[in-house]
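Notes follow the structure.
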Amino acid sequence: MICDIRREYPNASARLIVRTLEVDGRLEVGTVRPGTVRKLLRQEGLDRIAVRDGTGPTTRLRWQAAAPDALWHGDVCHGPTLRLGGARTPLRIHGMLDDCSRFVVALEAHAQEREEDMLRVLVRALRLHGKPDVLYLDNGSTYRGDVLRTACSRLGISLLHARPYDPEARGKMERFWRTLREGCLDHLGDVGSLDDVNQRLAVFLERYYQSEPHAGLMGRAPSLVYAPSTRVPNHVDEEHLREALAVRERRRVRRDTTVSVLGGVYELEQGFLAGRVVDIVYSHFDDPVQPAVEYEGKRYALALVDPIRNARRGRPPRRPDIDEPASPVFFDPSRTTVADLTKDEEDLDAIF
C-alpha cells in the first residue's frame, strides 16, 4: 500500500504518508516510523533523492549563521493554481526563514508576487521577532525595489542578493519549500479563500515544522534553537518602522481630482488641486496603505474613489477653505465700458 501511494503520489513524503495513514486509521499510531518507510521505498527503487554528479565550477561548503537573527532568508514559492470565487487564482507563498535555527519568521499566501506584498510580510516579521542583521534575498524584481533598499538602509539591515540562476546557494530556503510542498501545498484539499490556505500553513508550521526535530540542527527543533533565554530580540518601535517604509512621490492630480497610488484610484475633496503637481506620501507599514497629498505645506486626505456614491452626492466646493472678504468690494466693469463709449463719442465730435 505504501509503495502504491508513492507511485500515485510521487511528491508525498514518508512523514506525510505515515501521518495520513494514522489519521485514517489504516495504521496504528507509533507502529511505523517515517525512517522505516524511507528505507522500504529506497529498497523498492521509489526514493526521491536526486543523484548529483558534483561537477559544479566551485566547491560548495556547508555554512550557517553564528546566531539567530544574524541572517534571514526571503523567497517566494509558487504553489498550485486555485479556483477561488469561480476564478483561477495563482498561489504565491511569501516566506522568511532564520538561517541559524531554520525557524520560519514569516509565511503568508498571496495571489501575487509584488513588492508591496513582500513588504507587508516583512513588516509582520519585524513586529513579531525584531530585525535581523542581514536580509538574504532572491535576485528577482520583487526584491530589487527602491522601497526595500531604502527601508533596509533606514533600519540598519544589510541587504544581500543571491547570484542569478544559482538556487543551490540558498539551499536552506529551497529545502524548506520542498518540505512545505510535501507536507502541505501538494495536499491542500478544498479551499475557498486565501485565508483557508493561510490557516493550513499556520497549522503546518506549528504542529509539523517549528516543533519537530530538524536534521540540520542535530535533531533539535527550530523553535528551541530560535528562542532560547539568552536571545534578546532587536525590536523596532512602530513609529520607526512607519518612517523606514515611508514613500514620497511627485504626481499630477487628474482633472477629476483623482490620482493612482499602488494600483488603486484615490480622490481629493479639494477641487482646486486638479491639474496641479503634488507630493503623494504614504507608508507601507500601514495595512491598508493610507496615502495623503502634501501641497504648499498642507496635507490633504485621500479616499478610494466610489463612483456609485459620487453619482448620488452633491459636488463639493472647489475651494472650501478660501476666506470670504471682510466687507463688500466695489467692482463694476460696466463703468469702464461706459467710459470707453463716452470717450469714443467725444473723439468723433472733435473730428467732425
>> I'm checking my understanding of the structure. Among residues of the stretch 221-230 that are part of a loop (DSSP other than H, G, I, E, B) and surrounded by 14 or more Cβ atoms within 10 Å (Cβ to Cβ), which one is modelled with the lowest pLDDT?
In response: ALA227
>> Looking for something assigned to a loop (DSSP other than H, G, I, E, B) and in contact (Cβ under 8 Å) with a residue 40 or more places away in the chain - is there at least one such residue anywhere in the stretch 14-25?
In response: no
> Looking at ASP166, ASP237, ASP256, ASP196, which is the one that is among the acidic types (Asp, Glu) and surrounded by 15 or more Cβ atoms within 10 Å (Cβ to Cβ)?
Replying inline: ASP196
>> over 26 Å from ASN198 (Cα atoms), surrounded by 14 or more Cβ atoms within 10 Å (Cβ to Cβ) and not charged (D, E, K, R): is that true of ALA109 in this structure?
In response: no
> Quick check: anything in the stretch 25-44 at pLDDT below 90, in contact with a Cys (Cβ under 7 Å, 6 or more places away or on another chain), over 21 Å from TYR209 (Cα atoms) and not hydrophobic (A, V, I, L, M, F, W, C)?
Replying inline: yes
>> Just the residues that are surrounded by fewer than 16 Cβ atoms within 10 Å (Cβ to Cβ) and farther than 19 Å from ALA246 by Cα, please, taken from the stretch 273-289.
In response: ALA274, GLY275, ARG276, VAL277
> In the stretch 261-271, what count of residues is obtained for those that are within 24 Å of the chain's Cα centre (by Cα) and surrounded by 13 or more Cβ atoms within 10 Å (Cβ to Cβ)?
Replying inline: 5
> Checking MET118 against (1) part of a helix (DSSP H, G or I); (2) at pLDDT below 90; (3) assigned by TED's automatic domain parsing to the domain that holds ASP138; (4) not acidic (Asp, Glu), which single condition isn't satisfied?
Replying inline: (2)
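The values are calculated or read from the model by the stated rules, or taken from the named source; none is laboratory data. As the structure is a prediction and not an experimental result, all values here were calculated from the model. Positions of Cβ are generated from backbone atoms using ideal geometry, with glycine treated the same way; all protein chains shown enter the neighbour counts.
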